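Asker: The structure's right below; bear with me while I get my questions together.
The values are calculated or read from the model by the stated rules, or taken from the named source; none is laboratory data. What you are looking at is a predicted structure, and each value in this text was computed from that prediction instead of being measured. Neighbour counts are summed over all protein chains in view; Cβ atoms, including those assigned to glycine, are modelled from backbone coordinates with ideal geometry. The accessibility values were calculated without ligands, DNA or RNA, using every heavy atom of the protein model including side chains. Shrake-Rupley method; radii C 1.70, N 1.55, O 1.52, S 1.80 Å.
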Amino acid sequence: MSVFLQGLYEGIINGSILALIAMGIALVWGVMNILSFSQGEFLMLGMFVSYYANRLLGLDPIVAMPLSALVLFVLGIIIYKLIIARALRGPILSQRLITFALSMVLVYSAQLFFGAEYKTLPNPVKFSGTIDLGFLTIAKQKLVPFLLALIVAGLLFWFLRYTRMGKAIQATSMDRYAAGLVGINPDRAYTISFALASAVAGAAGCALTYYYYLYPNVGATFQLWGFIAVAMGGFGSITGAFLSGLLMGIADTLTGLYVNTAIKYIGVCVVFLVAVSFRPKGIFGK
Amino acid sequence: MLKVEHVKTGYDGVPVVHNASLQVEQGSIVALVGSNGSGKTSLLRAVTGALPIMRGDILYKGQSIAGVKSFKLVEMGISMVPEGRHLFGKMSVRDNLLMGAYSVRDKGEIEKRLQSIYKLLPRVEERQRQQADTLSGGEQQMVAIARGLMSKPELLILDEPSLGLMPKLVTEIFEFIQRIKDSGVTVIIVEQNAVATLEMSDYAYVMQNGETVLEGTGQALLADEQVKKAYLGG
Ligand SMILES: Nc1ncnc2c1ncn2[C@@H]1O[C@H](COP(=O)(O)OP(=O)(O)OP(=O)(O)O)[C@@H](O)[C@H]1O
Ligand SMILES: [Mg+2]
């Protein structure tokens, strides 16, 4: 039982990062019909912010997290204005693939500026140690991604539902033309959505550095699983993306635990295929 | 109040409106009629900042608004109820109306406007909790107009408000538009229902192949042989 619980817990932690990536992808897709292939690279950049904050200032990832989110939020705005907004005026294929090109640019830039080797945080972190519940041992650092995922999901929900900007974003996602007619600046709604998704990935990257190594290409796997989570959750559904991300983390870890680590990804794929064959539009798709 | 001067506009560089001019006096109802595809909707889109002005100019209260984006025009007092309603389908009726007052920040003021709309349109109030895309066509049209009024426009532009409605509802909508005018709002209306529209209008323009070809008071156009033949069924 405790092995199972431990596996479940680890799975939820792993799934939390996927959930965070997936929520960003779902937000961007739901609002502007852009497939955000660069979400994994925003995660990677968030990890590097955490790394340098730790190396230069000795900061813990949780302390560096607001900084990381802010840096990625601003970067998201710049990227939206310089690249995405232009692509949106172009043909549909370039709209779909623009973030793919962007992700490669970011990976190679990171290689150029930060080097290609694997890194871990050079200075010791303060938020560490374990909590022993008897049936479950919790590494404190690993709580960070999970709590972050919960907080982000809650904040996104609140923001979209109750704030003026959030409502404007929802209206724009339903009908961009009508949004303009009621006085919303649709371009602003797009910019904020893209930047928010990017900030969420940045914060996730920060949390990840507590126990994961970083290198320029680290985002690729998370990106791929994030996409699958979004597909499973029902494209555009943020709640769906959140829950599917957690579910995939659990499937992944439990398969590794009970079947074989070598084939643990198969568990995720089976869950995905079963989910999609019963509900082709995703668990929460309409 | 509004002056459209020799405007040319279109989609992706291809013009569909070649030369349109019209003038709208404050407090009047001006109609724009013409056959399908003559460019009425496109002209209104150009006026409300959704299509580029390729030639000519648009003046609102004496000031050029060519190239000004839709959302800015709302703040300047221009509101458009587009063809096809364009409600926010997954939002409630009430939220749709609230979005209509997006440019207003004073909550008390928004609530006041909402209540005055509900007073004018009790049926909209009855439906306020319902999701917009589950409304009937007539109800949707009412909500679309109501949403357009929430910004308290000085100039209200209506593109085919009676499209797809049964005659009784058409009459109701026309009466409602008349009341909007009486409250001091200037109205531009595009309609298939040419007779009823011309009867109600102070002035009217006829569009053909992307050009405004005829104009006159509603009564004059109703009597015009050419107009009768082309739009009033003989
Ligand atoms: N989004 C678009 N892209 C390209 N061409 C368009 C677009 N919308 C309309 N057109 C073309 O512009 C021309 C004028 O159309 P418009 O909708 O302005 O006419 P209309 O007078 O409003 O017609 P209706 O009475 O049917 O509403 C038509 O030939 C139409 O095919
Ligand atoms: Mg039209």
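Asker: Of the numbered conditions (1) under 21 Å from residue B:46 (Cα atoms); (2) assigned to a helix (DSSP H, G or I), residue B:197 fails exactly one; give the number of that condition.
Answerer: Failed condition: (1).
Asker: Out of the residues in segment B:46-82 meeting the condition of being over 21 Å from residue A:186 (Cβ atoms) and assigned to a loop (DSSP other than H, G, I, E, B), tell me which one is nearest to ligand 2 (Cβ to nearest atom).
Answerer: Once the filter is applied, the top-ranked residue is B:61.
Asker: For segment B:1-45, how many residues meet the condition of being among the small types (Gly, Ala, Ser), open to solvent by less than 30 Å² (accessible area, probe 1.4 Å) and within 13 Å of ligand 2 (Cβ to nearest atom)?
Answerer: 4
Asker: Taking segment B:71-82 only, how many residues are within 7 Å of another protein chain (Cβ to nearest Cβ), within 14 Å of residue A:179 (Cβ to Cβ) and open to solvent by 20 Å² or more (accessible area, probe 1.4 Å)? It would help to see each step written out before you state the result.
Answerer: Taking segment B:71-82 as the starting set, the residues that turn out to be within 7 Å of another protein chain (Cβ to nearest Cβ) are B:71, B:74-75, B:80, B:82.
Cutting the leftovers down to within 14 Å of residue A:179 (Cβ to Cβ) gives us B:71, B:74, B:80, B:82.
Keeping just the survivors that are open to solvent by 20 Å² or more (accessible area, probe 1.4 Å) gives B:71.
Going through segment B:71-82 one residue at a time, the tally reaches 1.
Asker: Restricting to segment B:1-60, name every residue that is more than 24 Å from residue B:178 (Cα to Cα) and among the charged types (D, E, K, R).
Answerer: Listed by number, the residues that qualify are B:5, B:8, B:12, B:55, B:57.
Asker: Still on this structure, I have one more. Going by the structure shown, is residue A:192 more than 14 Å from every other protein chain (Cβ to nearest Cβ) and open to solvent by 60 Å² or more (accessible area, probe 1.4 Å)? Spell out how you get there, then give the answer.
Answerer: Working: more than 14 Å from every other protein chain (Cβ to nearest Cβ): yes; open to solvent by 60 Å² or more (accessible area, probe 1.4 Å): no.
Spelling it out, it is not the case that residue A:192 is more than 14 Å from every other protein chain (Cβ to nearest Cβ) and open to solvent by 60 Å² or more (accessible area, probe 1.4 Å).
Asker: Take residue A:82 and decide whether it is of a type outside the set (Asp, Glu) and free of Cβ contacts under 8 Å to residues at least 12 places away in the same chain.
Answerer: On the way: of a type outside the set (Asp, Glu): yes; free of Cβ contacts under 8 Å to residues at least 12 places away in the same chain: yes.
Taking the combined requirement at face value, the residue satisfies it.
Asker: Quick one: what pairs do we get from segment B:38-56, first residue farther than 16 Å from residue B:79 by Cα, second assigned to a loop (DSSP other than H, G, I, E, B) and within 8 Å of ligand 1 (Cβ to nearest atom), C-beta under 9 Å, 6+ apart or different chains?
Answerer: Taking only residues 6 or more apart or on different chains, the pairs are B:38/B:210; B:39/B:210; B:40/B:83; B:40/B:160.
Asker: OK, next. Go through (1) farther than 18 Å from residue B:78 by Cα; (2) among the small types (Gly, Ala, Ser); (3) not assigned by TED's automatic domain parsing to the domain that holds residue B:97 one by one and return the number of the condition residue B:137 breaks.
Answerer: The number of the failed condition is (3).
Asker: Here's another thing I want to ask about it. Being of a type outside the set (A, V, I, L, M, F, W, C) and crowded, with 23+ Cβ neighbours inside 10 Å is true for just one of A:267, A:202. Which residue is that?
Answerer: Working: A:267 fails: crowded, with 23+ Cβ neighbours inside 10 Å.
Criteria check complete, one pass: A:202.
Results for (1) under 30 Å from residue A:106 (Cα atoms); (2) among the basic types (Lys, Arg), shown as yes or no for each residue.
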{"residue": "A:238", "(1), (2)": "yes, no"}
{"residue": "A:241", "(1), (2)": "yes, no"}
{"residue": "A:269", "(1), (2)": "yes, no"}
{"residue": "A:275", "(1), (2)": "no, no"}
{"residue": "A:281", "(1), (2)": "no, yes"}
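Asker: Determine which member of the set B:103, B:151 is open to solvent by 10 Å² or more (accessible area, probe 1.4 Å), closer than 27 Å to residue B:60 by Cβ and either at pLDDT 95 or above or charged (D, E, K, R) (or both).
Answerer: Values: B:103 fails: either at pLDDT 95 or above or charged (D, E, K, R) (or both).
Unique residue meeting the criteria: B:151.
Asker: Quick one: count up the residues across segment B:35-63 that are more than 14 Å from chain A (Cβ to nearest Cβ) and within 13 Å of ligand 1 (Cβ to nearest atom). Let's see the steps before the verdict.
Answerer: Start the filter on segment B:35-63 by keeping residues that are more than 14 Å from chain A (Cβ to nearest Cβ), which leaves B:35-40, B:43, B:53-63.
Filter again for within 13 Å of ligand 1 (Cβ to nearest atom), leaving B:35-40, B:43.
Residues flagged as more than 14 Å from chain A (Cβ to nearest Cβ) and within 13 Å of ligand 1 (Cβ to nearest atom) within segment B:35-63 amount to 7.
Asker: Mind checking whether some residue in segment A:160-182 is more than 14 Å from chain B (Cβ to nearest Cβ) and open to solvent by less than 80 Å² (accessible area, probe 1.4 Å)?
Answerer: Filtering segment A:160-182 down to residues more than 14 Å from chain B (Cβ to nearest Cβ) leaves none.
Taking every residue of segment A:160-182 in turn, none turns out to be more than 14 Å from chain B (Cβ to nearest Cβ) and open to solvent by less than 80 Å² (accessible area, probe 1.4 Å).
Asker: For segment A:238-286, which residues satisfy the criterion of being within 15 Å of residue A:23 (Cα to Cα) and under 18 Å from the mean Cα position of the chain (by Cα)?
Answerer: Of all residues in segment A:238-286, those within 15 Å of residue A:23 (Cα to Cα) come to A:238-249, A:282-285.
Listed by number, the residues that qualify are A:238, A:239, A:240, A:241, A:242, A:243, A:244, A:245, A:246, A:247, A:248, A:249.
Asker: Anything in segment B:139-157 that is β-branched (Val, Ile, Thr) and either in contact with an Asp or Glu (Cβ under 8 Å, 6 or more places away or on another chain) or not in a helix (DSSP H, G or I) (or both)? List them, or say none.
Answerer: B:157 - this is the single residue of segment B:139-157 that is β-branched (Val, Ile, Thr) and either in contact with an Asp or Glu (Cβ under 8 Å, 6 or more places away or on another chain) or not in a helix (DSSP H, G or I) (or both).
Asker: Are any of the residues in segment B:157-176 free of Cβ contacts under 8 Å to residues at least 24 places away in the same chain, within 16 Å of ligand 1 (Cβ to nearest atom) and more than 23 Å from residue A:175 (Cβ to Cβ)?
Answerer: no
Asker: Shifting gears a bit: Residues that are within 14 Å of another protein chain (Cβ to nearest Cβ) and not hydrophobic (A, V, I, L, M, F, W, C): which helices (runs of 4 or more DSSP H) entirely in segment B:83-138 hold 2 or more of them? Walk me through how you get there before you give the answer.
Answerer: Numbers: elements: B:93-100, B:107-120, B:122-126.
The qualifying helices (runs of 4 or more DSSP H) are B:93-100, B:107-120.
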